[in-house]
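The values are calculated or read from the model by the stated rules, or taken from the named source; none is laboratory data. Bear in mind that the values here come from a model prediction, so they are computed numbers and not experimental data. So basically every Cβ, Gly included, is an ideal-geometry build from the backbone, and we count neighbours across all protein chains shown.
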Amino acid sequence: MELTATTTIRKPPPEVYAFWRDLENLPTFMAHLEEVRTTGDRTSHWVADAPFGKNVEWDAEIIDERPTEKIRWQSTGDADVPNTGAVWFVPAPDGVSTEVHVVLVYEIPGGAIGKAVAKYFGEEPHQQLDDDLRRLKQVLETGEVVRSDGAPWGKRARGEFPQRPAQPLSDAELEKGADA
């Protein structure tokens, strides 16, 4: 599966790059990451949530890096979820902000069946990446992830309020109207 997403953050590229490059910051905005532990200058160990209350783990290595511009990585060894990816930090036209472009490529455990099961449980990968970048923007621009009253507990609320792409209301929901 290949995922792409982009956001613009009102901070200069060196600042956005530095935050991302400290890989241990990634779980602060990537909802499915439990931990990223730096194990060397270019290596790290990752732990992420998976469906059915399981975790997946892998080691990764930065394979190409241009400070303030780009980071490319790939999983190494016998990863639970083999993956590769890149993030670019591009100066935005306003001269102040940074466009963050992300590409992730990974093998979903269980192949097509695993993908279908994940979607059934509200785990749409494209929506997850968009949500992760929205949270990155919030963290860098405001210093925190903004939480609504409906989901004040962040990651713990996922089980209660699974996210999924927007969809039309059902006939039953339309009949209830705005007062429901």
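One residue stands out in region 47-75 among those that are free of Cβ contacts under 8 Å to residues at least 24 places away in the same chain and not in a strand (DSSP E or B): the one that is nearest to Val139 (Cα to Cα), namely Gly53. Scanning region 26-46 for residues that are part of a helix (DSSP H, G or I) and either free of Cβ contacts under 8 Å to residues at least 40 places away in the same chain or in contact with a Lys or Arg (Cβ under 7 Å, 6 or more places away or on another chain) (or both) turns up Leu26, Pro27. Determine whether region 160-178 contains at least one residue that is crowded, with 16+ Cβ neighbours inside 10 Å, under 22 Å from Phe52 (Cβ atoms) and either out of contact with any helix residue (DSSP H, G or I) (no Cβ under 8 Å at 6 or more places or on another chain) or at pLDDT 85 or above (or both). The answer is no, given that none of the residues of region 160-178 is crowded, with 16+ Cβ neighbours inside 10 Å, under 22 Å from Phe52 (Cβ atoms) and either out of contact with any helix residue (DSSP H, G or I) (no Cβ under 8 Å at 6 or more places or on another chain) or at pLDDT 85 or above (or both).
Number of residues in region 24-69 that are among the β-branched types (Val, Ile, Thr) and in contact with a helix residue (DSSP H, G or I) (Cβ under 7 Å, 6 or more places away or on another chain): the value is 4. Pairs meeting the criteria (first residue in region 82-93 and part of a loop (DSSP other than H, G, I, E, B), second residue surrounded by fewer than 15 Cβ atoms within 10 Å (Cβ to Cβ) and modelled with pLDDT under 95, beta carbons under 7 Å, at least 6 apart or on different chains) are Pro82/Glu107. Within region 83-107, the set of residues being of a type in the set (A, V, I, L, M, F, W, C) and either at pLDDT 95 or above or more than 13 Å from the chain's Cα centre (by Cα) (or both) comprises Ala86, Val87, Trp88, Phe89, Val90, Ala92, Val96, Val100, Val102, Val103.
Taking Ala79 as the residue in question, decide whether it is small (Gly, Ala, Ser), surrounded by 15 or more Cβ atoms within 10 Å (Cβ to Cβ), touching a residue at least 12 places away in the same chain (Cβ under 8 Å) and within 17 Å of Val105 (Cβ to Cβ). Judged against the criteria, Ala79 is a match.
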